[in-house]
Amino acid sequence: MCRRARLNALANLLPLALWRPWIRWQSQRLSPQLPAPLRDYYQGVADAVTGNIAEAKLLALDLELTALTPDKGEIVSVGCVPIDNLGIQLAGAQQWIVQPKGGVGESAVHHQLTDTAVNAGEALAGVLPKLLQQAEGRILLIHHAELDLAFIRQALQTEYGLVPPLPAIDTMHLAAAIQRYHHPEQPPNRLRLSELRQDYQLPAHHGHQALTDAIACAELFFAQLSHRYQQAPDVSALLSAR
């Protein structure tokens with residue numbers, strides 16, 4: 001494992017209390033050799049992991065994929081919407097269609113993006129700087145963060161040779177924790193975004209369109225906060241994926 005890869009792995013093992021100084025050190029050490037989008041994200045994310053969630057800046061994010069693992073699939077769409085002070089900022093919403101190296105195959109059944117549609121999209125290398133700019137100073141909010149972050153990490157590694165810490169709140173992880181709290185004798189179930197929205201009596205959502213999924217994730221998160229916490233928790237209590 002190269003030295004840079006070892007540093008990336010170390011970041012994922014650090015306790016949250018050490019993230020900010022570690023990120024600042026990495027930012028200063030690597031700043032001269034980092035492309036501007038990655039450098040700016042690095043510098044902005046250090047402050048995002050502290051404070052109360054009611055005052056936090058988030059970025060609800062969703063990816064549409066051709067398969068469920070980075071070694072077999074590709075990103076074909078990215079949707080995101082900023083959240084400030086627990087308010088969805090629709091004016092800042094973004095969605096990009098990404099041109100994959102291969103075809104969409106049977107995954108088109110789920111995300112409804114045809115080969116013709118994605119071939120008119122942007123290269124992932126062009127979308128990444130835009131996504132990093134949107135995420136600057138923000139915590140990612142994702143449903144099933146482990147899945148989407150695996151693809152983002154691979155893309156960052158391929159494009160920049162470096163994967164910064166990716167602080168994220170996972171609404172699926174929160175749902176599982178809530179279910180375990182109320183029913184410790186039962187394994188968590190009904191963890192799909194559409195199922196959880198139904199459980200919280202949110203409007204029906206049929207999913208698989210990146211931007212609408214990101215917005216649906218944000219709405220679910222607000223419902224989870226309202227039902228689970230009497231007072232808005234600190235960001236550190238909610239972070240679950242890196």
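The values are calculated or read from the model by the stated rules, or taken from the named source; none is laboratory data. Note that the structure is a prediction, hence the values are computed from the model and not measured. As a convention, Cβ positions derive from the backbone with ideal geometry for all residues, glycine included, and neighbour counts pool all protein chains shown.
Quick notes on this one:
- Residue in the range 172-186 that is closer than 20 Å to Ile75 by Cβ and modelled with pLDDT of 95 or more present: yes
- Breaking point among (1) modelled with pLDDT of 75 or more; (2) loosely packed, with under 15 Cβ neighbours inside 10 Å; (3) out of contact with any helix residue (DSSP H, G or I) (no Cβ under 8 Å at 6 or more places or on another chain); (4) under 17 Å from Leu132 (Cβ atoms), for Lys57: (2)
- Qualifying residue in the range 222-237 (condition: part of a loop (DSSP other than H, G, I, E, B), closer than 30 Å to Pro164 by Cβ, aliphatic (A, V, I, L, M) and without any contact (Cβ under 8 Å) to a residue 60 or more places away in the chain): no
Condition check ((1) within 18 Å of Leu58 (Cα to Cα); (2) of a type in the set (Ser, Thr, Tyr); (3) within 15 Å of the chain's Cα centre (by Cα)) across all residues:
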{"site": "Arg180", "(1), (2), (3)": "no, no, no"}
{"site": "Arg197", "(1), (2), (3)": "no, no, no"}
{"site": "Ala204", "(1), (2), (3)": "no, no, no"}
{"site": "Ile215", "(1), (2), (3)": "yes, no, yes"}
{"site": "Ala223", "(1), (2), (3)": "yes, no, no"}
{"site": "Ala237", "(1), (2), (3)": "yes, no, no"}
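- Any hit, the range 180-190, residues being surrounded by 16 or more Cβ atoms within 10 Å (Cβ to Cβ), of a type outside the set (Lys, Arg) and over 16 Å from Val81 (Cβ atoms): no
Yes or no, residue by residue, for (1) at pLDDT below 85; (2) more than 15 Å from Leu140 (Cα to Cα):
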{"residue": "Ile23", "(1), (2)": "yes, yes"}
{"residue": "Ala36", "(1), (2)": "yes, yes"}
{"residue": "Gly44", "(1), (2)": "yes, no"}
{"residue": "Thr69", "(1), (2)": "no, yes"}
{"residue": "Cys80", "(1), (2)": "no, no"}
{"residue": "Ala91", "(1), (2)": "no, yes"}
{"residue": "Val98", "(1), (2)": "no, yes"}
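- Number of residues in the range 157-171 that are modelled with pLDDT under 90 and assigned to a helix (DSSP H, G or I): the value is 1.
- Flag for Ser194 being surrounded by fewer than 21 Cβ atoms within 10 Å (Cβ to Cβ), more than 20 Å from Ala48 (Cβ to Cβ) and in contact with a Phe, Trp or Tyr (Cβ under 9 Å, 6 or more places away or on another chain): no
- Enumeration of residues in the range 153-175 that are within 15 Å of His227 (Cβ to Cβ) and either surrounded by fewer than 17 Cβ atoms within 10 Å (Cβ to Cβ) or of a type outside the set (A, V, I, L, M) (or both): Thr171
- Between Gln224, Gln209, the distinction of being at pLDDT below 95 and polar (S, T, N, Q) belongs to Gln209 only.
- Yes/no for Asp234 being at pLDDT 90 or above, closer than 30 Å to Thr66 by Cβ and of a type in the set (D, E, K, R): no
- Scan of the range 86-103 for residues that are among the polar types (S, T, N, Q) and either touching a residue at least 60 places away in the same chain (Cβ under 8 Å) or outside any loop (DSSP other than H, G, I, E, B) (or both), ordered by number: Gln94, Gln95, Gln99
- Verdict on Ala11 being at pLDDT 85 or above, part of a helix (DSSP H, G or I) and among the small types (Gly, Ala, Ser): no
Yes/no matrix, rows are residues, columns are (1) aliphatic (A, V, I, L, M); (2) surrounded by 15 or more Cβ atoms within 10 Å (Cβ to Cβ); (3) in a loop (DSSP other than H, G, I, E, B):
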{"position": "Leu113", "(1), (2), (3)": "yes, yes, yes"}
{"position": "Thr116", "(1), (2), (3)": "no, no, no"}
{"position": "Leu128", "(1), (2), (3)": "yes, yes, no"}
{"position": "Leu132", "(1), (2), (3)": "yes, yes, no"}
{"position": "Leu140", "(1), (2), (3)": "yes, yes, no"}
{"position": "Glu146", "(1), (2), (3)": "no, no, no"}
{"position": "Leu149", "(1), (2), (3)": "yes, yes, no"}
